[in-house]
Amino acid sequence: MTAVGEFTSASGGLVCSHHHLYSALARGMPAPPATPSSFRQILELVWWRLDMALDLDIIRDSARLGALEALARGCTAIVDHHESPNAIEGSLDAIAEACAEVGVRSVCSYGVTDRHGVEGARRGLEENRRFIADGGRGMVGVHAAFTCSDETLESAAGIAADLGVGVHIHVAEGPDDVGVEERIRHLSKPDWLLVHGVLLPDEHGLEGTIVHNPRSNMNNAVGYANPSRFSNPVALGTDGIGADMLEEFRLAYVAGRASDVEVSPEAAWGWMENGWKFVPESAEDKVIWATPEFDPWYQAFSTGTSPLSVEVDGEVVWADGSPTRVDEVEVRTKAAESARRLFARLEEI
Ligand SMILES: [Zn+2]
């Protein structure tokens with residue numbers, strides 16, 4: 001943090017360490033055919049219908065909107081986790097290109113699953129492998145162990161090790177994934193992203209960074225992950241609900257504070273800053289914030305802190321409330337068109 005004026009301060013670009021850019025169009029979607037009454041039903045009635053309806057154009061428009069909204073909140077790098085069973089091949093390129101167009105850095109992964117059979121899993125693995133082998137910046141994605149066979153988990157871990165990248169996987173988010181540590185302990189590595197960890201035991205023995213997503217966990221009523229209990233490093237993600245990392249930091253702080261008055265915002269601030277381990281160049285990006293103090297205690301009790309300008313790799317990509325590389329109206333117009341098409345398809349699924 002640096003003070004750059006009487007009422008402004010500067011920082012590096014923030015990093016969202018777990019996002020689903022395909023969910024940027026989900027707002028306003030038609031209500032599911034029944035009201036979900038459990039985490040499993042939220043997956044089945046909302047997200048697993050939505051991902052079936054995605055095509056490459058919808059994915060691209062959704063990612064452009066999500067990247068634009070990230071920049072608007074000073075977030076210059078997104079670690080994305082994607083699934084689109086009817087549009088697997090090329091999906092990671094569509095997301096990476098959309099982010100690059102807006103000026104946001106991305107680390108892409110395709111969430112492999114056996115929910116669509118052995119062939120679906122094979123195609124997902126191949127999309128990860130192909131994208132990264134072709135020079136794309138990525139990790140090998142896995143939806144979650146509870147939707148994968150042991151063979152698929154081993155293949156994902158093997159491909160990641162061969163490519164020199166980590167695995168990006170949801171872990172113990174809800175009751176269906178309890179006991180996951182027994183299945184992946186022998187595979188996990190320090191460069192893995194273990195997303196959620198809500199129902200992991202304190203001593204789970206997994207290697208990797210735990211990515212905490214407090215807003216999503218509350219929204220899904222899965223419980224509080226209390227990530228301070230783990231010896232692993234911890235980072236912060238949004239799980240697809242935007243990329244306002246300061247807002248997620250505030251929520252992470254107050255979620256801990258809700259049951260322990262001695263919790264300091266410095267812990268959650270450190271989790272936010274750990275995103276720079278995955279995208280180190282973002283720490284060199286430059287965000288000028290409209291706030292006199294950019295530090296944990298001041299920001300924990302601020303609301304709606306906005307960037308005045310954002311510079312990525314030396315280029316100003318956000319200034320005077322607008323993106324500089326893309327036309328915001330065009331991005332939002334195309335996103336709205338894709339959303340209408342997506343919602344029409346959802347009525348059929
Ligand atoms: Zn997620």
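The values are calculated or read from the model by the stated rules, or taken from the named source; none is laboratory data. No experiment lies behind these values; they were computed from the predicted model shown. Glycine also receives a Cβ, built like all others from the backbone with ideal geometry; neighbour counts cover every protein chain displayed.
Observations
- Scanning region 161-187 for residues being within 22 Å of ARG122 (Cβ to Cβ) and either among the charged types (D, E, K, R) or out of contact with any Phe, Trp or Tyr (no Cβ under 8 Å at 6 or more places or on another chain) (or both) gives a total of 9.
- Matching residues, region 211-240, being within 13 Å of the ligand (Cβ to nearest atom) and closer than 14 Å to SER188 by Cβ: VAL211
- One residue stands out among those in region 197-224 that are under 21 Å from TRP276 (Cβ atoms) and not in a helix (DSSP H, G or I): the one that is farthest from the chain's Cα centre (by Cα), which is GLU207.
- The set of residues in region 304-333 being of a type in the set (Asp, Glu) and surrounded by 19 or more Cβ atoms within 10 Å (Cβ to Cβ) consists of GLU311 alone.
- Contact map, region 218-240: residues that are under 25 Å from GLU83 (Cβ atoms) and hydroxyl-bearing (Ser, Thr, Tyr) paired with residues that are modelled with pLDDT of 95 or more and away from the ligand (no atom under 16 Å from the Cβ), Cβ distance under 8 Å, separation 6+ or inter-chain. Pairs shown: THR238/ASP244.
- Of the residues making up region 26-58, those that are within 16 Å of the ligand (Cβ to nearest atom) and under 19 Å from the mean Cα position of the chain (by Cα) are ALA26, PHE39, ILE42, LEU43, VAL46, TRP47, TRP48, LEU50, ASP51, LEU54.
- Scanning region 99-126 for residues that are of a type in the set (Lys, Arg) and either under 17 Å from the mean Cα position of the chain (by Cα) or at positive phi (or both) yields a total of 1.
- One residue stands out in region 258-303 among those that are among the hydroxyl-bearing types (Ser, Thr, Tyr) and assigned to a helix (DSSP H, G or I): the one that is surrounded by the most Cβ atoms within 10 Å (Cβ to Cβ), namely SER282.
A quick yes/no check of all residues on (1) out of contact with any Gly (no Cβ under 6 Å at 6 or more places or on another chain); (2) at pLDDT 95 or above; (3) of a type in the set (Ser, Thr, Tyr):
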| site | (1), (2), (3) |
| --- | --- |
| VAL102 | yes, yes, no |
| SER109 | no, yes, yes |
| THR113 | yes, yes, yes |
| ARG137 | yes, yes, no |
| VAL140 | yes, yes, no |
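- Selected residue [assigned to a helix (DSSP H, G or I), touching a Cys at 6+ places or on another chain (Cβ under 8 Å) and among the β-branched types (Val, Ile, Thr)] from ILE132, ILE159, ILE95: ILE95
- Candidate set from region 232-248 (those that are in a loop (DSSP other than H, G, I, E, B) and either modelled with pLDDT under 95 or farther than 14 Å from ALA267 by Cβ (or both)); member that is farthest from the chain's Cα centre (by Cα): ASP244
- Exactly one residue among GLU337, GLU293, GLU330, GLU315 is over 22 Å from the mean Cα position of the chain (by Cα) and more than 23 Å from ILE78 (Cβ to Cβ), and that residue is GLU293.
- Candidates ALA133, ALA157, ALA161, ALA98: the one that is more than 14 Å from the ligand (Cβ to nearest atom) and either touching a residue at least 40 places away in the same chain (Cβ under 8 Å) or within 19 Å of ARG60 (Cα to Cα) (or both) is ALA98.
- Scanning region 214-257 for residues that are more than 28 Å from TRP289 (Cα to Cα), among the small types (Gly, Ala, Ser) and surrounded by fewer than 24 Cβ atoms within 10 Å (Cβ to Cβ) yields ALA221, GLY223, SER228, SER231.
- Of the strands (runs of 3 or more DSSP E) lying entirely inside region 2-82, the ones with 1 or more residues being of a type outside the set (A, V, I, L, M), touching a residue at least 40 places away in the same chain (Cβ under 8 Å) and surrounded by 24 or more Cβ atoms within 10 Å (Cβ to Cβ) are found at 14-19, 75-80.
- VAL140 surrounded by fewer than 15 Cβ atoms within 10 Å (Cβ to Cβ) and either under 18 Å from ALA94 (Cβ atoms) or in contact with a Ser or Thr (Cβ under 9 Å, 6 or more places away or on another chain) (or both): no
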